[in-house]
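Participant: Below are the structure tokens for one structure; questions will follow.
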């Protein structure tokens with residue numbers, strides 16, 4: 001039963017292993033100690049059910065990450081978020097009782113890499129995930145972020161409901177929890193404005209030019 | 001009602017209309033002080049029933065001792081009349097499914113679950129009840145009906161049953177069976193608590209999904225009435241995990257469940 005569960009676990013959390021098994025049950029099953037007959041029976045009786053289980057798992061994960069990163073979700077838009085999450089979920093499987101947090105942090109890194117460092121949404125991803133992470137446990141922590149865009153200021157000025165993107169200004173964000181279980185204290189330092197600044201990217205971007 | 005972070009404030013505001021709460025154990029393990037304070041306030045106001053998600057009683061490789069110890073500490077702090085987990089496995093070979101998977105309904109699974117449950121009961125000094133899950137996969141190797149399997153499990157472990165009406169309905173509906181007929185061989189005399197929740201029918205497959213994000217559907221209410229006519233659980237929990245409506249709608253569902261039970265003399 002232990003061996004069978006280990007193989008099942010691979011089928012349920014690794015989409016590539018599942019598709020390989022369904023395409024060649026005997027061959028893939030043999031790699032895991034199953035006879036040709038056992039492999040065929042498993043593929044015939046459970047193939048679609050495995051796909052359904054995997055869909056349900058990804059749906060659950062997607063919902064949790066949306067809940068943990070609501071601002072990034074809105075900034076990406078539902079269609080982009082869903083597409084990118086599918087790509088992320090195919091390559092990363094979180095573990096442990098804080099797995100939804102870890103999933104969200106990993107997705108934020110994934111999205112940030114796809115967006116590229118000049119896109120303010122990449123900064124939003126990094127900022128939001130840095131803020132969300134420590135809320136899941138009480139460990140002492142110190143976080144330091146350097147952003148290219150003043151995301152904290154933009155949010156504080158109601159940027160999400162407006163029609164402008166964050167200003168491109170070097171911004172440093174520090175978070176510290178000194179006492180185990182205590183609150184995290186966040187500090188933001190924004191570089192002084194020097195001449196014009198631009199930002200790009202995002203469905204709400206209007207250039208963000210200073211003095212416009 | 002199942003406690004959920006998004007509902008926390010409304011739960012406190014409507015405490016007089018909620019008899020007891022089920023807390024998801026994972027929401028209160030290794031958490032910041034603010035969350036621990038919330039637990040303390042919940043304890044002051046409600047009877048709390050911890051409900052675990054990750055013990056993986058169905059894992060042939062055994063259960064996670066470190067996680068069990070943390071769970072035990074939470075149960076000890078909360079002092080519930082019982083706590084609950086699932087007839088399921090969630091991890092194997094270093095991989096976590098992130099979702100509850102069914103074991104084959106056979107003797108081997110019963111021995112595995114009984115062995116793990118015995119370990120859990122030695123560490124957690126409160127009665128354990130076991131919940132039936134939705135079987136999106138019907139594992140090969142099953143030799144027993146769901147009812148017969150749960151009956152044998154209850155006999156072997158000495159645990160009570162957390163009968164999830166929505167899961168029972170979902171499995172029966174997806175197999176094209178009558179859920180009320182299913183009850184005939186379930187160990188109803190061992191039912192301690194009920195779950196009920198909403199779901200929806202998946203486009204394309206036509207299968208019921210117990211997503212816990214819709215109102216409880218009428219077929220599940222009909223099944224709840226049948227269950228309450230046949231057994232005397234000590235309580236019922238409404239599970240709602242998303243698409244939260246105004247709290248009044250959830251409280252109405254609680255009142256409907258209360259009324260169903262009263263109609264059959266189940267609770268005051």
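Every read-out reported here was derived from the displayed coordinates using simple, explicitly stated rules and does not represent laboratory data. Owing to the predicted nature of the structure, the values given are computational and were not obtained by experimental measurement. Heads up, the Cβs are rebuilt from the backbone with ideal geometry, glycines too, and the neighbour counts pull from every protein chain shown.
Participant: Contact order normalised by length for chain B, with contacts defined as Cα pairs under 8 Å and 6 or more residues apart; what percent is it?
Facilitator: Reported as a whole number, the value is 15 percent.
Participant: Here's another thing I want to ask about it. Report the extension gain between residue A:67 and residue A:41 in nm, rounded to one decimal, defined as 0.36 nm multiplied by the number of residues separating them, less their alpha carbon distance.
Facilitator: Value of the extension gain: 5.5 nm.
Participant: Say we join alpha carbon atoms closer than 10 Å with springs in a Gaussian network model of chain A; which of A:181, A:116, A:133 then has the biggest fluctuation?
Facilitator: Among A:181, A:116, A:133, the largest mean-square fluctuation in the Gaussian network model of chain A belongs to A:181.
Participant: Here's a follow-up. At a Förster distance of 35 Å, what's the computed FRET efficiency of residue B:111 paired with residue A:92, Cβ-Cβ distance as r, to 0.05?
Facilitator: 0.50
Participant: What does the extension gain come out to for residue B:19 and residue B:205, with contour length at 0.36 nm per residue minus their alpha carbon separation?
Facilitator: So the chain would gain 63.2 nm between residue B:19 and residue B:205.
Participant: What is the list of residues in the stretch B:153-169 whose amide nitrogen lies under 18 Å from a point 7 angstrom out from the Cα of residue B:47, following Cα to Cβ?
Facilitator: From the stretch B:153-169, the list is B:160-163.
Participant: If I take R0 = 25 Å and measure r between the Cβ atoms of residue A:185 and residue A:109 in this structure, what FRET efficiency does the formula 1/(1 + (r/R0)^6) give, to the nearest 0.05?
Facilitator: 0.55
Participant: Can you give me the distance in nm between label points at residue A:26 and residue B:155, each placed 7 Å from the Cα along the Cα-to-Cβ direction?
Facilitator: It is 4.1 nm.
Participant: Using 0.36 nm per residue, how much length does the chain from residue A:156 to residue A:142 gain when fully extended, once their Cα-Cα distance is taken away?
Facilitator: Separation in residues times 0.36 nm, less the Cα-Cα distance, equals 2.8 nm.
Participant: Can you compute the radius of gyration and Dmax for the stretch A:44-140, using only the Cα atoms, both in Å?
Facilitator: Cα only, the stretch A:44-140: 14.3, 50 Å (Rg, Dmax).
Participant: Select from B:148, B:25, B:34 the residue whose mean-square fluctuation is largest in a Gaussian network model of chain B (Cα-Cα springs shorter than 10 Å).
Facilitator: It is B:34.
Participant: Please quote Rg/Rh for the protein assembly as shown to two decimal places, taking the Kirkwood radius as Rh and restricting both calculations to Cα atoms.
Facilitator: On the Cα set of the protein assembly as shown, Rg over Rh gives 1.00.
Participant: Mind giving me the FRET efficiency for residue B:184 and residue B:126? R0 is 41 Å, r the Cβ-Cβ distance, nearest 0.05 is fine.
Facilitator: With R0 = 41 Å, the Cβ-Cβ based efficiency is 0.85.
Participant: In a GNM of chain B with a 10 Å cut-off on Cα contacts, which of B:220, B:87, B:123 has the highest mean-square fluctuation?
Facilitator: Ranking B:220, B:87, B:123 by mean-square fluctuation puts B:123 first.
Participant: Would you give the gap between the C-alpha center of the stretch B:14-35 and the C-alpha center of the stretch B:131-200, rounded to a whole Å?
Facilitator: 27
Participant: Take every DSSP beta bridge with both residues inside the stretch B:103-259 and express the antiparallel ones as a percent of the total, to the nearest 5.
Facilitator: Of all bridge pairs located within the stretch B:103-259, approximately 15 percent are antiparallel.
Participant: Moving to a separate point now. Before rounding to the nearest 500, sum -39500 (n - 2.57) across all DSSP H runs of length at least 4 in the protein assembly as shown and divide by the residue total; then give [θ] at 222 nm in deg cm²/dmol.
Facilitator: Theoretical 222 nm ellipticity from helices: -14500 deg cm²/dmol.
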